[in-house]
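Structure, as structure tokens:
The values are calculated or read from the model by the stated rules, or taken from the named source; none is laboratory data. The structure displayed is predicted, hence computed values, not measured ones. Glycine also receives a Cβ, built like all others from the backbone with ideal geometry; neighbour counts cover every protein chain displayed.
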Amino acid sequence: MAVTGVLLVLAGLLLPALAKARPASDLLNCQDNLRQIGRAFSVYSGDFREEICRTGGLDVLVDSTNPKKNYGLNQQWCMGNMSTAPSWTNTALIQDSLIYPYVQSLAAYRCPADVTTVGPTGPPKVRSISVNGFMNPINAWGAGRVFRKQSDLILGPAMTWVATEENPASINDGWFIHPPDTSATPAWVDYPASYHQQSANLSFADSHVENRRWTDPTVITRGGILFSNGDTDRPADYRWLQERTTVP
């Protein structure tokens, strides 16, 4: 009985520690994933005369595999659509994409803290990460300077993010769109994720990774509530990301 009592005490001490260790581990693993993606973009540019890997939105979306692996000019950093079947579980589309040869890991495309599945009990979606939509777009989204080559990064590599975790409320194509918006109440197009205690990781063009803790209620609740005109946190998060995305 005494041994059983000691074991129970030890279990009581260890379980809280283990519960805290998992989020910390997920955070570090996610940062490593994004670091791999960021470095892959840099190496790709080195192989192609500083050209940044092509990216694209819904207008050039490839959501089905080609047996001959002939995707033409619509082949981009990562193909597939995380909002529709069967693309959201299609790992072959990731492997047929331009950046995968530089990453060589399907796990790098999904945050370990992302528990999003296809339906309540279905398999996990294969990607949590999207890239800055102003990075060499096949077709430009709209307002905002696009970056075709590494030398175009006028904000500087250390101030230009490449990839981040996207909110499951908005993730679809491989883009994360965050246009310049100088209005008093800027409107999010895509939402960043908040898997790590209300924060997300971002990789930058110089290959460093940052963690940003959000205060915007729409981001924190994964798009679950709408902003009102009195949301003072909304511009702060929006501006922070905007300053590291592109310029008008």
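Tabulated values for the structure
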quantity	calculated
Test: residue in segment 57-73 that is in contact with a Ser or Thr (Cβ under 8 Å, 6 or more places away or on another chain), more than 21 Å from Gln150 (Cβ to Cβ) and assigned to a loop (DSSP other than H, G, I, E, B)	yes
Candidate set from segment 200-223 (those that are in a strand (DSSP E or B) and touching a residue at least 60 places away in the same chain (Cβ under 8 Å)); member that is surrounded by the fewest Cβ atoms within 10 Å (Cβ to Cβ)	Asn211
Pairs where the first residue, in segment 107-127, is crowded, with 18+ Cβ neighbours inside 10 Å and the second is aliphatic (A, V, I, L, M) and in a loop (DSSP other than H, G, I, E, B), C-beta under 6 Å, 6+ apart	Lys125/Met82; Arg127/Met82
In segment 184-197, residue farthest from the chain's Cα centre (by Cα) [restricted to those that are under 14 Å from Cys30 (Cα atoms) and surrounded by fewer than 23 Cβ atoms within 10 Å (Cβ to Cβ)]	Gln197
Residue list for segment 61-84, filter: crowded, with 19+ Cβ neighbours inside 10 Å and β-branched (Val, Ile, Thr)	Val62
All positions within segment 231-245 that are at pLDDT 95 or above and surrounded by 17 or more Cβ atoms within 10 Å (Cβ to Cβ)	Leu241, Gln242, Arg244, Thr245
Tally of residues being of a type outside the set (Asp, Glu), out of contact with any helix residue (DSSP H, G or I) (no Cβ under 8 Å at 6 or more places or on another chain) and either buried (at least 23 other Cβ atoms within 10 Å of the Cβ) or not in a loop (DSSP other than H, G, I, E, B) (or both) across segment 137-154	3
Answer from Asp114, Asp206, Asp173 - the residue that is of a type in the set (Asp, Glu) and farther than 30 Å from Arg49 by Cβ	Asp114
Long-range neighbours under 6 Å by Cβ, at least six apart or interchain, first residue on the phi > 0 side of the Ramachandran plot and acidic (Asp, Glu) within segment 147-166, second at pLDDT below 95 and assigned to a helix (DSSP H, G or I)	none
Condition broken by Thr218, with the remaining ones in (1) β-branched (Val, Ile, Thr); (2) in contact with a Leu (Cβ under 8 Å, 6 or more places away or on another chain); (3) at pLDDT 95 or above satisfied	(3)
Residue match in segment 4-27 (condition: farther than 21 Å from Arg148 by Cβ, in contact with a strand residue (DSSP E or B) (Cβ under 9 Å, 6 or more places away or on another chain) and at pLDDT 95 or above)	yes
